[in-house]
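This report refers to the structure that appears directly beneath it.
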């Protein structure tokens, strides 16, 4: 942990060349190596506050709200949430910040986008650090063929349905708060007080954008009306990541079990895997200092 006091600067906005306006928080000095942190659902930039404080001491650490979340633009068009558009946002954000490359750290949906970015634009990444977000080939294959993974991912089809955002917001976000308990198996004591207030404020700005990530993706359990991954021709050679990659995995994640790591070395050419047996899907919140140590150990 850095002994230097680092200030997080919130309320910053980037208007990108594609017309999207992203909000972001940052710590550290521009000109130092760029570290970009991508949050998941149902989170926002604040997921990474402990990492901004740590890595802002010797990097320019930036955590955006992805499109559809919190203070960033929330397009109405469902197609705007396809991965290629979010990849374009990130490429443009890196350029807007004055950089050509970055170390990318990502979790959950941010991890899904990060894997896609590493496949489409590997030249943008010096290192890829993934936390509890499955490689797309392995995840799509599991969704298509593994009954246990299909059952664990049933919630995705519920989120894809009309009206899920209203159900999540009902009773002061009771169901949404349940994500922080049910996708773990450990205590969610971190989600309280000022942190809970921050999340509620972000959720009140709108949930439709975040839910649209689920609606726009083929990565969901197949149904009789939407075959999802069953209609895809999956070839591992089309999904090979060449960026140096570290995967950190909380093994108490019940929605994304550690079996999703099986075969990862076949689709990532330069790989390190660090398992955290007592960490849940929310291990970033539960064990921030441990996560920081593992991230730092992989920096160039």
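The values are calculated or read from the model by the stated rules, or taken from the named source; none is laboratory data. What you see is a predicted model; the values in this text were computed from it and never measured. Glycine also receives a Cβ, built like all others from the backbone with ideal geometry; neighbour counts cover every protein chain displayed.
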Could you say whether any residue in segment 22-39 is touching a helix residue (DSSP H, G or I) at 6+ places or on another chain (Cβ under 8 Å) and farther than 19 Å from residue 102 by Cα?
-> no
Look through 202, 152 and report the one residue that is under 23 Å from residue 80 (Cβ atoms) and either touching a residue at least 60 places away in the same chain (Cβ under 8 Å) or surrounded by fewer than 16 Cβ atoms within 10 Å (Cβ to Cβ) (or both).
-> 202
By residue number, the members of segment 217-241 that are surrounded by fewer than 19 Cβ atoms within 10 Å (Cβ to Cβ) and not in a loop (DSSP other than H, G, I, E, B) are 230, 231, 236, 237, 238
Look at residue 80 and say whether it is outside any strand (DSSP E or B) and at pLDDT 95 or above.
-> yes
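Residues checked against (1) over 24 Å from residue 190 (Cα atoms); (2) under 17 Å from the mean Cα position of the chain (by Cα):
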{"position": "11", "(1), (2)": "no, no"}
{"position": "19", "(1), (2)": "yes, no"}
{"position": "27", "(1), (2)": "no, no"}
{"position": "43", "(1), (2)": "no, yes"}
{"position": "47", "(1), (2)": "no, yes"}
{"position": "53", "(1), (2)": "no, no"}
{"position": "76", "(1), (2)": "yes, no"}
{"position": "86", "(1), (2)": "yes, yes"}
Quick count over segment 41-62, residues being in a loop (DSSP other than H, G, I, E, B) and touching a helix residue (DSSP H, G or I) at 6+ places or on another chain (Cβ under 6 Å), is 3
Residue pairs qualifying under the 8 Å Cβ cut-off, at least six apart or on distinct chains, with the first in segment 264-279 being surrounded by fewer than 15 Cβ atoms within 10 Å (Cβ to Cβ) and the second being at pLDDT below 95, are 277/252; 278/186; 278/252
Residues being touching a strand residue (DSSP E or B) at 6+ places or on another chain (Cβ under 6 Å) and surrounded by fewer than 24 Cβ atoms within 10 Å (Cβ to Cβ): count how many of those fall in segment 52-62.
-> 2
State which residue is surrounded by the most Cβ atoms within 10 Å (Cβ to Cβ) when the search covers only segment 95-125 and only residues that are within 21 Å of residue 240 (Cβ to Cβ) and free of Cβ contacts under 8 Å to residues at least 40 places away in the same chain.
-> 117
Some residue of segment 242-262 being under 20 Å from residue 38 (Cα atoms), assigned to a loop (DSSP other than H, G, I, E, B), touching a strand residue (DSSP E or B) at 6+ places or on another chain (Cβ under 8 Å) and free of Cβ contacts under 8 Å to residues at least 40 places away in the same chain | no
Would you kindly identify the helices (runs of 4 or more DSSP H) lying entirely within segment 105-161 that contain at least 1 residues that are at positive phi?
-> 108-120
Across segment 282-300, which residue is surrounded by the most Cβ atoms within 10 Å (Cβ to Cβ) among those that are in a loop (DSSP other than H, G, I, E, B) and in contact with a strand residue (DSSP E or B) (Cβ under 6 Å, 6 or more places away or on another chain)?
-> 298
How about segment 19-40: which of its residues are surrounded by fewer than 21 Cβ atoms within 10 Å (Cβ to Cβ), in contact with a strand residue (DSSP E or B) (Cβ under 9 Å, 6 or more places away or on another chain) and assigned to a loop (DSSP other than H, G, I, E, B)?
-> 20, 29, 31, 33
Which residues, counting only those in segment 206-216, are farther than 17 Å from residue 149 by Cα and assigned to a helix (DSSP H, G or I)?
-> 208, 209, 210, 211, 212, 213, 215, 216
